[in-house]
Structure formats: structure tokens, C-alpha cells
Amino acid sequence: MSHDITTDLVTLRDYWRYAISRFNAAELSYGHGTHTAVDDAAFLVLDSLDLPIDTLDPFLDAKLLPAERRLLAERIETRVTTRKPSAYLTGRSYIQGLRFFVDERVIVPRSHIGEILFNEYGGEFGSTFLPDPFAVESVVDICTGSGCLAILATRFFPLASVDAVDLSADALEVAEKNRQAYGLEDQLTLHQGDLFTPLGGRKFDLIITNPPYVDHEAMDAFPAEYRAEPAMAHDGGEDGLDLVRTLLTEAPKHLNPGGGMLCEIGRGRDILEAEFPDLDFLWVETTEEEDAVFWISAEALGVKSPKGK
């Protein structure tokens, strides 16, 4: 920077306004927990200062220390020049208010499944389709990435042992940091491998999975912010559904009767229903999407209860 902006910008409001202007001028892309320059600038400023990311007003006119001004100026400049997602610059991402460590070894967590778990189990009467949380004794998160969904599972299924699998050893290093941060070494077990392979013949009451599901055409059109993430965490094959097909084929071998699978697939509903016309998918609506996630019960997948039960 040719001019030291920290001599001109003093308050949090100054840096928020400045970031918005820079982000708009650079035509940055969003979608990693924020959707506009206004939101992204607020996240970057607040999270960098370790302030609540959803509480801007009380701090707007706070005068910042010189070190805080330098930090914000550097991160705003880095966001513009590298186009890396803001979560990579602060090293943190959030799902339903829970904080997770992230870096370039994992995609920035933004799964709809977190919202679904909170909505289904946060009400007075419990879920209309997911199992009784206190009856669930085993959960597996396939393609866990940062481990965020597996960690959420430990909260909603307090009596369950939770396993989490990812093909990427790098991603599991990030998941391990999050596991330790939440003190879940005894409840959550991490496995490296391809989908169900490292689990052997084990069966679970619940499978949750946010696998790579972006098709190649969409990946070719990715803006720089999405290209900053690991390609393997997005690549779902030519039409985006390669791993989803495998999950549907393999899941019955790993589900207990009465259980099921909650799976995020993006925009592949029409293809999936055409290929699997006999499967009874329940499409779960979220704030942003109507059919990006499906639930399918063990019984719908052909899992039968033991004789006499």
C-alpha cells in the first residue's frame, strides 16, 4: 500500500466501510458463510478482532488500537489481492454459532445439514423424520472435512459414539484440531480412507454426509474464492453425483434398522430421482434451498429388521 490508511481510519466503522468499498471495487465473490460485500466485510472485521460476528452495532464507533488497525488493513488488502475467502484469513468459520478452525486444507464449512439438525431437534416436539436423538447410539460422518458436522452430531446425539471419515490426511489434521478444541477425543473417532472403506463392516444408526458434489462444468466456472479451496472437496465427477451414487449403493451395508442417511447433494435432484426411481427420497427444505439435502431411511434402502422384531 502506497499510503498508510491506518492513519486515516480509526474506528471499526471506518474499516467496515473501507472494506465494503474495496470489496465492491474488486468485484469479489462470496458464498463462504456470507453473500454480500457488506456481510463479508463485517465478518472479516469482527472475527479478526475476536468480536461476536453477528453483533456489529455496539462496536461501530469503537476506536481501534494501532495493532488492530494494522491487522485489519492487512487482511482487507489480502482479501482483495488474493481473493481467498475471509474465513481463511481469520482461520475460523461458524455453523449455527459454533466456531471451527479452518485453513486451505479444507473447504470452508457451509453445509445445509447443520441448519437441518438445529431445526429438527431444536423444537419442542422433536424431528418429524430424524430418529429420536437419545435412541441413536452410533453416527458416522462421511467426507468430514473440518469435522464440523461430526462435532455437531456429538451435541445432538449425546449418547452416540461418532465416527468421521475423510480421504484427505490434510483435512483430518484440521478435524483433529477441532476435535481437540471441543474435547471430544473420547466420543469422536477420525478415520482416513475412501467413504466406508476404513469402517469395515460396521453399522450405524445414522449416516450424515456432505460429499463432493460439484459437476465439472460448474468447477470450470469457479471464481477465485472457490478455487482457493481443495478441488477434491468439490469434485463430484462429470455430473456431480459420482460419490452420491456410491453412498446410496453402499449405505445399506452400514445402516441399522430404523436408521437412515442425511445427504447433501447440491442441485442433482432430477438426475438422482431418474436413476433411482424406486427409492423414497425425502427432500428437506432449508433457508436457501428446497432440495439440496435428502433423507432416506434404512428401510427405504432395503435394510430389514431382524426376524421376530
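FYI, it's all coordinate maths here, none of it is from the lab. All figures in this text were calculated on a predicted structure; none of them were measured in a lab. Reconstructed Cβ throughout: ideal geometry from the backbone, glycine too, with neighbour counts over all protein chains shown.
Observations on the model:
- Antiparallel DSSP beta bridges within the chain, as percent of all bridges there, nearest 5: 40 percent
- Partners of LYS304 within straight-line reach, counting aspartates and glutamates whose Cα lies under 20 Å from its Cα and excluding those fewer than 8 residues away in the same chain: ASP132, GLU137, ASP205, GLU250, ASP278, ASP280.
- Base-10 log of normalised Debye intensity for the stretch 188-309 (one unit scatterer per alpha-carbon) at q = 0.18, 0.21 Å⁻¹: -1.03, -1.29
- Here, the chain yields an orientationally averaged convex hull projection of 17.6 nm² when only Cα atoms define the hull.
- Highest-fluctuation residue, LYS177, LYS84, LYS63 considered, GNM on the chain with Cα pairs under 10 Å: LYS63
- Under 10 Å, Cβ to Cβ, from ILE208 - net charge with Lys/Arg +1 and Asp/Glu -1: -2
- Close amide H contacts of GLY258 (hydrogens built in the peptide plane, cut-off under 5 Å, sequence separation of 5 or more or a different chain): ALA298, GLU299.
- Rounded, prolate or oblate (a/c below 1.5 giving rounded, otherwise prolate when a/b exceeds b/c) for the stretch 257-307 by Cα gyration tensor: oblate
- Charge sum, other residues only, whose C-beta stays under 10 Å from ALA300's C-beta, Lys/Arg counted +1 and Asp/Glu -1: -3
- For the stretch 77-94, the Karplus equation 6.51 cos²θ - 1.76 cosθ + 1.60, evaluated at θ = phi - 60°, returns couplings of 5, 5, 4, 6, 7, 9, 6, 6, x, 4, 4, 5, 6, 8, x, 9, 9, 9 Hz by residue, with Gly and Pro reported as x.
- Counting only Cβ charges, +1 for Lys and Arg and -1 for Asp and Glu, the dipole size of the chain around its Cα centre is about 820 debye.
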